[in-house]
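Taking it in order: structure first as structure tokens, then the write-up.
The values are calculated or read from the model by the stated rules, or taken from the named source; none is laboratory data. These figures come from a predicted structure and were not determined experimentally. Here the Cβ positions follow ideal geometry from the backbone for every residue, glycine too, while neighbour counts run over all protein chains shown. Accessible surface areas use protein heavy atoms only, side chains included; no ligands, DNA or RNA. Shrake-Rupley method; radii C 1.70, N 1.55, O 1.52, S 1.80 Å.
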Amino acid sequence: MISHTSLQWQSSDWQSILQTAIRDSETLLQAVGLTADQVDAISGEAAGFEVLAPGPFVSRMAFGDPRDPLLLQVLAQRQEIAPRAPGNTDPLEEQRFTPVPGIIHKYHGRVLLMSAGSCAINCRYCFRRHTDYADTIVTPARLPGVIDYLEAHTEVTEVILSGGDPLLTSDRKIDELLSKLEAIPHLERFRIHTRLPIVIPSRITPELCQRLARSRFGVTMVVHCNHPQEIDSEVARAIGQLRSADITVLNQAVLLKNINDSVMTLEKLSTELFRIGILPYYLHTLDRVHGAAHFSQALQDSKRLYQSLQARLPGYLLPKLVSEIPGSTSKTPIY
Ligand SMILES: *Cc1c(COP(=O)(O)O)cnc(C)c1O
Ligand code: SF4
């Protein structure tokens, strides 16, 4: 692992860490001791999707390894702009399921509330890499419409904060939103889908844990970790704090070619997650988003890999292998 003198994040709060995150391919390559040619790097601008990689995540990359699984998740590469790369810009047809701006309501009983318009890391394979969040997020002006919708839909029992990364929202704003939701009697559960506990673990503040702990809701946090190398002692500590606040912590990962497409890696991912207090939830196949085709694995290979994984893990450490098929009433199990 790298010992950085240039990345001063160790004793900073999460906002400063985010502010000093790496935002271009050159600096990222310098930090890991590689040249653009070794990894076919291009600028985020050329790829049409900014590079964004915060210090704590970069510090877990191996120095001088062009195949490092963390580096390849965040570095813009020439393959993204291959002339006939398949995929489209709204693969899940989320536009269709937006009853009021700020909400995606596709599945029975639960809605996504889009509470932040950016992330703390830009994952090259992201299915929302072409999303214009200006149209989709809950702004203060849209919040009354969102609350009205939730009040009127008594079949909804769970609100899921998504985005972007909802933990980019300040603790104060999360508190305000949560209080409004808690006033709606038929809501029972509250969930946050976030990559921040993995990417900038210090985002898990005592204030956030205390607020979630005193909610009347059953609270779940679904983190997003694709490779065991993303887990270090800081991540373990953050998850420990969530667990002490009685929050259920689950993980979703994306099956990515050349990143985590081996039984050994996925097995280790599950056991490492469990060691720090997280249960594996979903293993998603890649959505067909434009610019990410080089991460895609043939479905037959994914099924074979999953079968081998199943033969090695206890049932409770086996994530569900799923796809998102637009128009379905749930994620679709693949195997
Ligand atoms: C994935 C997703 C959910 C949550 O699905 P679960 O199976 O409950 O985890 C809810 N709404 C939308 C639109 C989703 O894409
Ligand atoms: S954190 Fe999630 S939403 Fe944000 S870029 Fe990565 S995959 Fe996409």
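The criterion of being touching a strand residue (DSSP E or B) at 6+ places or on another chain (Cβ under 7 Å), open to solvent by 30 Å² or more (accessible area, probe 1.4 Å) and within 16 Å of ligand 1 (Cβ to nearest atom) does not hold for T285. Entry remark, region 4-26: residues being surrounded by fewer than 16 Cβ atoms within 10 Å (Cβ to Cβ), modelled with pLDDT of 50 or more, farther than 16 Å from L196 by Cα and hydroxyl-bearing (S, T, Y) number 1 in total. Contact map, region 123-136: residues that are over 13 Å from G102 (Cα atoms) paired with residues that are near ligand 2 (Cβ under 8 Å from one of its atoms) and not in a helix (DSSP H, G or I), Cβ distance under 7 Å, separation 6+ or inter-chain. Pairs shown: Y125/V254. Considering R288, R304, R275, R312, the condition of being closer than 29 Å to F97 by Cα and of a type in the set (D, E, K, R) is satisfied by R288 alone. Looking at region 307-322, which of the residues that are open to solvent by 20 Å² or more (accessible area, probe 1.4 Å) and within 21 Å of the chain's Cα centre (by Cα) is nearest to ligand 2 (Cβ to nearest atom)? Residue satisfying both the conditions and the ranking: K320. Scanning region 180-218 for residues that are assigned to a helix (DSSP H, G or I), closer than 18 Å to I247 by Cβ and without any contact (Cβ under 8 Å) to a residue 60 or more places away in the chain turns up L181, E182, P197, P206, E207, L208, C209, Q210, R211, L212, A213.
Yes or no, residue by residue, for (1) closer than 20 Å to R203 by Cβ; (2) within 16 Å of ligand 1 (Cβ to nearest atom); (3) surrounded by 16 or more Cβ atoms within 10 Å (Cβ to Cβ); (4) in the same structural domain as H130 (by TED's automatic domain parsing):
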{"site": "S244", "(1), (2), (3), (4)": "yes, no, no, yes"}
{"site": "A253", "(1), (2), (3), (4)": "yes, yes, yes, yes"}
{"site": "V263", "(1), (2), (3), (4)": "no, no, yes, yes"}
{"site": "L269", "(1), (2), (3), (4)": "no, no, yes, yes"}
{"site": "G291", "(1), (2), (3), (4)": "no, no, yes, yes"}
{"site": "S296", "(1), (2), (3), (4)": "no, no, yes, yes"}
{"site": "S302", "(1), (2), (3), (4)": "no, no, yes, yes"}
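Within region 129-180, the only residue that satisfies the criterion of being surrounded by fewer than 16 Cβ atoms within 10 Å (Cβ to Cβ) and aromatic (F, W, Y) is Y133.
A single member of R203, R195, R216, R191 is among the basic types (K, R) and more than 16 Å from ligand 2 (Cβ to nearest atom), and it is R216.
Assess whether D90 counts as being free of Cβ contacts under 8 Å to residues at least 60 places away in the same chain, of a type in the set (D, E), within 14 Å of ligand 1 (Cβ to nearest atom) and open to solvent by 50 Å² or more (accessible area, probe 1.4 Å).
For D90, the condition - free of Cβ contacts under 8 Å to residues at least 60 places away in the same chain, of a type in the set (D, E), within 14 Å of ligand 1 (Cβ to nearest atom) and open to solvent by 50 Å² or more (accessible area, probe 1.4 Å) - is met.
The condition (being more than 30 Å from E188 (Cα to Cα), open to solvent by 40 Å² or more (accessible area, probe 1.4 Å), among the hydrophobic types (A, V, I, L, M, F, W, C) and more than 16 Å from ligand 1 (Cβ to nearest atom)) is satisfied by just one residue among I42, I81, I121: I81. Among the residues of region 66-81, the one identified as touching a Gly at 6+ places or on another chain (Cβ under 9 Å) and either assigned to a loop (DSSP other than H, G, I, E, B) or aromatic (F, W, Y) (or both) is A76. Which of the residues that make up region 222-241 are within 24 Å of L112 (Cβ to Cβ) and either in contact with a Pro (Cβ under 7 Å, 6 or more places away or on another chain) or surrounded by fewer than 17 Cβ atoms within 10 Å (Cβ to Cβ) (or both)? Of everything in region 222-241, those that are within 24 Å of L112 (Cβ to Cβ) and either in contact with a Pro (Cβ under 7 Å, 6 or more places away or on another chain) or surrounded by fewer than 17 Cβ atoms within 10 Å (Cβ to Cβ) (or both) turn out to be V223, A238, I239.
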